[in-house]
Amino acid sequence: MCSRYTPLKTESLLNEFFGVSGIDQPVKDELFPMYLGPFIRRHEFADVGDEAVPSRELLIGSFGMVPQWAEPKLARQTYNARSETVHEKPSFRDAWKRSRHCIIPAAAIYEPDWRTGKAIPTKIVRSDGKPMGIAGLWTEKKLADNQILHSFTMLTINADDHPFMRNYHKPEDEKRMIVILLDDEYEAWLTAKPEESRYFLRQFPADQMTVSPPTD
């Protein structure tokens, strides 16, 4: 399960790889549950027929799903959604049913490597140097002051047989990995209907993932 990642914040890279404009408020360099970070969804008015409206928009939301009925602190538990049960869990089922798909742009993720007998936080990146487009769900909650809190979660799948990701997490635990979309799947994921959603919940190729060397 991914509870720490490096968000993609560089405007030129967000535009080049995801077709969205830059971030308009401060975002931390490393994100944990309840931190605010960027996510990309289909534009709210993408279907109005106005060519001036882009197909995608970038928003800032809480890392961790916060449905209308929940307190913001629930995000500490809802930052990942298991693909096997996402359709039935109270925190996620409405967003799944409504195809509230999003892409979480990330430069890297962190997972614990237990092969030495203790957890070593390990920075994982794409081997081709491109950012990750992580498949997620989003929702919104109206706060007491009528402000809107957006929030998002990362979808996860089993990785027991994944040549790369099976090396992470405790030896006795099930191996999990986030769903990293292929580059040419971004638009299809954002526009997919509920019955089409599970097609995208696949393992990212192991040879396209690597450990980032430590920096001084």
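The values are calculated or read from the model by the stated rules, or taken from the named source; none is laboratory data. Computed from a prediction, not measured in an experiment: that's the story for all the values here. Every residue, glycine as well, gets a Cβ built from its backbone with ideal geometry; the counts of neighbours run over all protein chains shown.
Within region 133-153, identify whether any single residue is at pLDDT 95 or above and assigned to a loop (DSSP other than H, G, I, E, B), and answer yes or no.
For region 133-153, residues at pLDDT 95 or above and assigned to a loop (DSSP other than H, G, I, E, B): absent.
With respect to Asp173, is the statement that it is acidic (Asp, Glu) and either more than 19 Å from the chain's Cα centre (by Cα) or at pLDDT below 95 (or both) true?
Working: acidic (Asp, Glu): yes; either more than 19 Å from the chain's Cα centre (by Cα) or at pLDDT below 95 (or both): yes.
Spelling it out, Asp173 is indeed acidic (Asp, Glu) and either more than 19 Å from the chain's Cα centre (by Cα) or at pLDDT below 95 (or both).
Touching a residue at least 12 places away in the same chain (Cβ under 8 Å), of a type outside the set (S, T, N, Q), surrounded by 15 or more Cβ atoms within 10 Å (Cβ to Cβ) and more than 28 Å from Pro194 (Cβ to Cβ), is that true of Arg126? Can you show your working first?
Values: touching a residue at least 12 places away in the same chain (Cβ under 8 Å): yes; of a type outside the set (S, T, N, Q): yes; surrounded by 15 or more Cβ atoms within 10 Å (Cβ to Cβ): yes; more than 28 Å from Pro194 (Cβ to Cβ): yes.
For Arg126, the condition - touching a residue at least 12 places away in the same chain (Cβ under 8 Å), of a type outside the set (S, T, N, Q), surrounded by 15 or more Cβ atoms within 10 Å (Cβ to Cβ) and more than 28 Å from Pro194 (Cβ to Cβ) - is met.
With the condition kept exactly as written, say whether any residue in region 49-64 is in contact (Cβ under 8 Å) with a residue 60 or more places away in the chain, under 19 Å from Met177 (Cβ atoms) and of a type outside the set (A, V, I, L, M, F, W, C). Steps first, please.
Within region 49-64, the first condition is being in contact (Cβ under 8 Å) with a residue 60 or more places away in the chain, and the residues that meet it are 55-56, 59-64.
If we keep only those that are under 19 Å from Met177 (Cβ atoms) too, we end up with 63-64.
Narrowing the set further to residues that are of a type outside the set (A, V, I, L, M, F, W, C) leaves 64.
Yes, there is a match, as at least one residue in region 49-64 is in contact (Cβ under 8 Å) with a residue 60 or more places away in the chain, under 19 Å from Met177 (Cβ atoms) and of a type outside the set (A, V, I, L, M, F, W, C).
Do we find that Ile148 is touching a strand residue (DSSP E or B) at 6+ places or on another chain (Cβ under 7 Å) and loosely packed, with under 15 Cβ neighbours inside 10 Å in this structure? Even if it seems obvious, please write down each step before you answer.
Numbers: touching a strand residue (DSSP E or B) at 6+ places or on another chain (Cβ under 7 Å): yes; loosely packed, with under 15 Cβ neighbours inside 10 Å: yes.
Judged against the criteria, Ile148 is a match.
Answer yes or no as to whether Thr156 is in contact with a Pro (Cβ under 7 Å, 6 or more places away or on another chain) and either buried (at least 22 other Cβ atoms within 10 Å of the Cβ) or part of a strand (DSSP E or B) (or both). Don't jump to the end; show me each part of the working.
Values: in contact with a Pro (Cβ under 7 Å, 6 or more places away or on another chain): no; either buried (at least 22 other Cβ atoms within 10 Å of the Cβ) or part of a strand (DSSP E or B) (or both): yes.
Here the answer is no, as Thr156 does not meet what is asked.
Being acidic (Asp, Glu) and assigned to a helix (DSSP H, G or I) is the filter here, so list the residues in region 164-216 that pass it.
Step one: list which residues in region 164-216 are acidic (Asp, Glu), which gives 172-174, 183-185, 187, 195-196, 207, 216.
Those that are acidic (Asp, Glu) and assigned to a helix (DSSP H, G or I): Asp183, Asp184, Glu185, Glu187, Glu195, Glu196, Asp207.
Could you grab the pairs with beta carbons closer than 8 Å, sequence gap of 6+ or different chains, first residue in region 192-207 and under 19 Å from Arg42 (Cα atoms), second one modelled with pLDDT of 95 or more and of a type in the set (D, E, K, R)?
Once the first residue is under 19 Å from Arg42 (Cα atoms) and sits in region 192-207, its partners that are modelled with pLDDT of 95 or more and of a type in the set (D, E, K, R) give Pro194/Lys97; Pro194/Arg98; Phe200/Glu185.
Conditions tested, residue by residue: (1) in contact with a Leu (Cβ under 7 Å, 6 or more places away or on another chain); (2) free of Cβ contacts under 8 Å to residues at least 40 places away in the same chain; (3) closer than 22 Å to Val179 by Cβ.
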site: Leu8; (1), (2), (3): yes, no, yes
site: Asn15; (1), (2), (3): no, yes, no
site: Phe18; (1), (2), (3): no, no, yes
site: Ile40; (1), (2), (3): yes, no, yes
site: Val66; (1), (2), (3): yes, no, yes
